[in-house]
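Notes follow once the structure below has been shown.
The values are calculated or read from the model by the stated rules, or taken from the named source; none is laboratory data. Everything numeric in this text was worked out from a predicted model, so none of it was measured. Backbone-built Cβ (ideal geometry, glycine too); neighbour counts: all protein chains shown.
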Amino acid sequence: MFISKSKKTPFYQLTYEVNGKRTTISTKTSNEKEAQEFLIKFKYSLIEKPQKSIIPVINSTTIFLSAFEKEYLEYSYPTKSKKYCDSISFSFKQLISFCGDLAFDKIDTRILDKFVTSAYSRTQRGAHHYYRTLKAAFNKAVEWNYIETNPFTKIKFPKLSKSFPTFISEDELLIILTNTPYQYLKDIFIVGFYTGLRLGELINMKWNWIDFFQNHITVKCSNDFITKSKKERIVPMSEKVKSILITRFNLAVHQPDEIVFFRIQKRKLHQETISKQFKEAVRKSNLNENIHFHSLRHSFASLLAQKGVSLYVIKELLGHTDLATTQIYSHLQQQNLRDAINIL
């Protein structure tokens, strides 16, 4: 019997044996002294009641949704993006608002099925997001021995209607740029359009990502930034992108680890602000209301697909982990479809 700590949770875990089988439960503390006290009390309870086996599911009656949310967020913050952690918090808020702050042993498939159905009636994609986020959280609850099985696994989520991603043409990009007030914003929009980089990648881009001799950008992971796929990738630069970056390079004296895009040097831009400013430019341009900053990434992929670039190459450039994600652009490869039919 011993206590230990792992990367899975900030709390110390107590490991012991029941009928020859190793079992682990949470001490619910990250303080080593308190964990040792938990161990002593646990040993004492076994001596006092040797005829009864202590099983890990006792935790399910003592931890509530709000308490688990806090523990799960503490676990997620070091490895997940702020945006994903915010989505965890919002998903739990929706669930607790629907069913109350229940203990885990009171949550069953029936309750969660009703929650998903209720959310689906309001917003299909929102419900799907809650479903995926909470399902992952409940999987971790199983690992931490708060519950024996994940009730979300028994829920079959309704199929979502599929729609093609919204993208813009080069001419529409020019119209948006005309209605964009600041040069640094124009630079971000153009580089986003011609590289497919995510907004988070653009505002975290540093000069040591850029190789002007090899003409490529290496999207890097660091202590203060991790890519969505948690993998680095190389994106070649077109002449348009290279020209913009060289101009910015000559703006001021800087260090290799300083950010490329800024309004005030050395001060990182905020994603929400850039997104709102892009949306304002779109509205001033009287373009499709569905166009948002991420549409620049879709536009990059769509432009490549229309020019006959293979989906596998597009997948690598976008940094997708699964080709199925990239296949939303397959309908744009009309010439490939026509060439296939002409073979007959």
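Key figures
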{"item": "Close pairs (7 angstrom Cβ cut-off, 6 or more residues apart or separate chains): under 18 Å from Ser76 (Cα atoms) in segment 139-156, surrounded by 14 or more Cβ atoms within 10 Å (Cβ to Cβ) and of a type in the set (Phe, Trp, Tyr) anywhere", "result": "Lys140/Tyr72; Ala141/Phe68; Ala141/Phe104; Tyr146/Phe68; Tyr146/Phe104"}
{"item": "Checklist (1) at pLDDT below 80; (2) touching a strand residue (DSSP E or B) at 6+ places or on another chain (Cβ under 7 Å) applied to Ser26, failing item", "result": "(1)"}
{"item": "Residue that is surrounded by the fewest Cβ atoms within 10 Å (Cβ to Cβ) [pool: residues in segment 295-313 that are small (Gly, Ala, Ser) and touching a residue at least 12 places away in the same chain (Cβ under 8 Å)]", "result": "Gly308"}
{"item": "Unique residue being modelled with pLDDT of 95 or more and farther than 17 Å from Leu197 by Cβ when the list is Ala340, Ala281, Ala324", "result": "Ala281"}
{"item": "Number of the condition not met by Arg125 [criteria: (1) in contact (Cβ under 8 Å) with a residue 40 or more places away in the chain; (2) farther than 30 Å from Phe249 by Cβ; (3) surrounded by fewer than 17 Cβ atoms within 10 Å (Cβ to Cβ)]", "result": "(1)"}
{"item": "Matching residues in segment 285-302 - criterion: being out of contact with any Phe, Trp or Tyr (no Cβ under 8 Å at 6 or more places or on another chain) and more than 14 Å from Thr325 (Cβ to Cβ)", "result": "Ser285, Asn286, Leu287, Asn288, Glu289, Asn290, Ile291"}
{"item": "Pairs, first outside the structural domain of Tyr194 (by TED's automatic domain parsing) in segment 219-248, second surrounded by fewer than 18 Cβ atoms within 10 Å (Cβ to Cβ), C-beta under 8 Å, six or more apart", "result": "none"}
{"item": "Lone unmet requirement of (1) of a type in the set (Ser, Thr, Tyr); (2) at pLDDT 75 or above; (3) surrounded by 14 or more Cβ atoms within 10 Å (Cβ to Cβ) for Ser4", "result": "(3)"}
{"item": "Ala67 vs. criteria surrounded by 12 or more Cβ atoms within 10 Å (Cβ to Cβ), touching a Lys or Arg at 6+ places or on another chain (Cβ under 9 Å), within 29 Å of Gln13 (Cα to Cα) and among the hydrophobic types (A, V, I, L, M, F, W, C)", "result": "yes"}
{"item": "Among (1) of a type outside the set (A, V, I, L, M); (2) outside any loop (DSSP other than H, G, I, E, B); (3) surrounded by fewer than 17 Cβ atoms within 10 Å (Cβ to Cβ); (4) in contact (Cβ under 8 Å) with a residue 12 or more places away in the chain - the single one Tyr130 does not satisfy", "result": "(3)"}
{"item": "Selection count, segment 154-171, where residues are exposed (fewer than 12 other Cβ atoms within 10 Å of the Cβ) and at pLDDT below 90", "result": "7"}
{"item": "Pairs where the first residue, in segment 93-113, is closer than 21 Å to Asn145 by Cα and the second is crowded, with 16+ Cβ neighbours inside 10 Å and of a type in the set (Lys, Arg), C-beta under 9 Å, 6+ apart", "result": "none"}
{"item": "Boolean, Ala252 is touching a Leu at 6+ places or on another chain (Cβ under 6 Å) and of a type in the set (Gly, Ala, Ser)", "result": "no"}
{"item": "Single residue of segment 250-284 satisfying the filter (of a type in the set (Val, Ile, Thr) and either buried (at least 17 other Cβ atoms within 10 Å of the Cβ) or in contact with a Phe, Trp or Tyr (Cβ under 8 Å, 6 or more places away or on another chain) (or both)) that is nearest to Glu172 (Cα to Cα)", "result": "Val282"}
{"item": "Flag if Ile176 is over 17 Å from Leu317 (Cα atoms), buried (at least 20 other Cβ atoms within 10 Å of the Cβ) and either at pLDDT 95 or above or among the hydroxyl-bearing types (Ser, Thr, Tyr) (or both)", "result": "yes"}
{"item": "Looking only at segment 115-149, and only at residues there that are farther than 15 Å from Ser97 by Cα and of a type in the set (D, E, K, R), the one that is nearest to the chain's Cα centre (by Cα)", "result": "Arg132"}
{"item": "Test: residue in segment 216-229 that is among the acidic types (Asp, Glu) and over 22 Å from the mean Cα position of the chain (by Cα)", "result": "no"}
{"item": "Segment 199-215, residues that are among the hydrophobic types (A, V, I, L, M, F, W, C) and either farther than 23 Å from Phe278 by Cβ or part of a loop (DSSP other than H, G, I, E, B) (or both)", "result": "Met205, Trp207, Phe212, Phe213"}
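Here is a yes/no grid of residues against (1) out of contact with any His (no Cβ under 6 Å at 6 or more places or on another chain); (2) in a helix (DSSP H, G or I); (3) not hydroxyl-bearing (Ser, Thr, Tyr):
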{"position": "Ile234", "(1), (2), (3)": "no, no, yes"}
{"position": "Val253", "(1), (2), (3)": "yes, no, yes"}
{"position": "Asp257", "(1), (2), (3)": "yes, no, yes"}
{"position": "Arg263", "(1), (2), (3)": "yes, no, yes"}
{"position": "Lys266", "(1), (2), (3)": "yes, no, yes"}
{"position": "Ser275", "(1), (2), (3)": "yes, yes, no"}
